[in-house]
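The structure appears right after this line, and notes come after that.
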Amino acid sequence: MNPIRRILAAVVATALLALAPTAVAYAADNPYERGPAPTTAALDATRGPYAVSQTNVSSLVTGFGGGVIYYPTSTADGTFGAIAISPGFTATWSSISWLGPRIASHGFVVIGIETNTLLDQPAQRGDQLLAALDYLTTQSSVRSRVDSSRLAVAGHSMGGGGSLEAAKDRPSLQAAVPLAPWNSDKSWSDDRVPTLIIGGQSDTIAPVASHSIPFYNTIPSSSEKAYLELRGASHFFPQSVNTLTGRLTVAWLKRFVDNDTRYDQFLCPGPTGIALSDYRNTCPLS
């Protein structure tokens, strides 16, 4: 071999050996990382990198009214974190069902629930979200795909208020994402779960000034929190595909359920542009 090539080969080999332990150590530090390196375009797409399957849950289950489970079809990456999502007052899962396959396609198991009655209040919806997670991890047909130590909740309107209730009642949850949340309780100083609240600037049913913003302000900064406000959005923004809602929801779940710091870039300092009217957070994330 040419002496110069021999020297170059030795330099490259030494560099690779130096990098290898770092890569191994990083993988060992975060065994929950799933999927390719994220980009804004990938998060804004209607589907992520995982093919998704779904299965229905009977209304005869105990604790909630049934629903639909969405999950990554492949088992090659092991188990996944999971999230239960509740619709709002008088609404059914179909009203926000776009969230199910979208979140699942980024490497999560999602259970979109039906409530016991359409008139259930936030505290009842919170209990049902937790019952759905318990069902998902212990009885469902996909329980072997779920890491029961990495669970989250979300919901719209009273379902969003219910996700706050669930976070308060089960502080071991890894994340909560209330969407246009409604709750008569305005103080969440006992919320210890990383919480992303998304509100609509023009919401007249759960006005951000009396719901989302007080909720955000009372959550301790030590819990990690963020508040995204969508410019001109009504109370019903989660009932149709919303790019920023999809992007931030997935990024929040990736960061706190999967402990994937690759997603910090989408949360800190956070999104900008005409589509939002406010963004607050506890950056830097820890």
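The values are calculated or read from the model by the stated rules, or taken from the named source; none is laboratory data. Note that the structure is predicted; figures quoted are calculated from it, not measured. As a convention, Cβ positions derive from the backbone with ideal geometry for all residues, glycine included, and neighbour counts pool all protein chains shown.
Identify all residues within the stretch 180-222 that are of a type in the set (S, T, N, Q), over 16 Å from the mean Cα position of the chain (by Cα) and either within 21 Å of PRO271 (Cα to Cα) or in a loop (DSSP other than H, G, I, E, B) (or both); write none if there are none.
Answer for the stretch 180-222, where residues must be of a type in the set (S, T, N, Q), over 16 Å from the mean Cα position of the chain (by Cα) and either within 21 Å of PRO271 (Cα to Cα) or in a loop (DSSP other than H, G, I, E, B) (or both): ASN183, SER184, SER187, SER189, GLN201, SER202, THR204, SER210, SER212, ASN217, SER221.
Name the strands (runs of 3 or more DSSP E) wholly within the stretch 72-163 that hold at least 1 residues that are crowded, with 22+ Cβ neighbours inside 10 Å and of a type in the set (Ser, Thr, Tyr)?
Correct list: 80-86.
How do the pairs read when you match residues in the stretch 144-159 that are among the small types (Gly, Ala, Ser) with residues anywhere that are surrounded by fewer than 24 Cβ atoms within 10 Å (Cβ to Cβ) and assigned to a strand (DSSP E or B), using Cβ under 8 Å and keeping only pairs 6 or more apart or on different chains?
none
I'd like to check something: does the stretch 125-134 contain any residue that is out of contact with any strand residue (DSSP E or B) (no Cβ under 7 Å at 6 or more places or on another chain), free of Cβ contacts under 8 Å to residues at least 24 places away in the same chain and farther than 26 Å from PRO31 by Cβ?
There is no residue in the stretch 125-134 that is out of contact with any strand residue (DSSP E or B) (no Cβ under 7 Å at 6 or more places or on another chain), free of Cβ contacts under 8 Å to residues at least 24 places away in the same chain and farther than 26 Å from PRO31 by Cβ.
Which residue out of LEU99, LEU43 is closer than 20 Å to LEU253 by Cα and either aromatic (Phe, Trp, Tyr) or touching a Ser or Thr at 6+ places or on another chain (Cβ under 8 Å) (or both)?
Going through LEU99, LEU43 in turn, the sole match is LEU99.
For the stretch 40-77, give me each residue that is without any contact (Cβ under 8 Å) to a residue 40 or more places away in the chain and of a type outside the set (Val, Ile, Thr).
ALA41, ALA42, ALA45, SER53, ASN56, SER58, LEU60, SER74, ALA76
Which ones in the stretch 148-177 are basic (Lys, Arg) and touching a Gly at 6+ places or on another chain (Cβ under 7 Å)?
Answer for the stretch 148-177, where residues must be basic (Lys, Arg) and touching a Gly at 6+ places or on another chain (Cβ under 7 Å): just ARG150.
Residues of the stretch 120-134 being among the acidic types (Asp, Glu) and either within 14 Å of SER157 (Cα to Cα) or touching a Cys at 6+ places or on another chain (Cβ under 7 Å) (or both), which ones?
Passing the criteria: only ASP120.
One residue is enough: does the stretch 240-258 have a residue meeting the conditions part of a strand (DSSP E or B) and in contact with a Lys or Arg (Cβ under 7 Å, 6 or more places away or on another chain)?
no
Could you grab me the full set of residues in the stretch 259-286 that are part of a loop (DSSP other than H, G, I, E, B), among the β-branched types (Val, Ile, Thr) and within 26 Å of GLY81 (Cα to Cα)?
THR282 - this is the single residue of the stretch 259-286 that is part of a loop (DSSP other than H, G, I, E, B), among the β-branched types (Val, Ile, Thr) and within 26 Å of GLY81 (Cα to Cα).
So how many residues does the stretch 231-281 have that are surrounded by 19 or more Cβ atoms within 10 Å (Cβ to Cβ) and either modelled with pLDDT under 95 or of a type in the set (Phe, Trp, Tyr) (or both)?
The total comes to 5.
Being of a type in the set (D, E, K, R) and within 14 Å of PRO194 (Cα to Cα) is the filter; apply it to the stretch 237-259 and report the residue that is nearest to the chain's Cα centre (by Cα).
Filtering the stretch 237-259 for residues that are of a type in the set (D, E, K, R) and within 14 Å of PRO194 (Cα to Cα), the one nearest to the chain's Cα centre (by Cα) comes out as LYS254.
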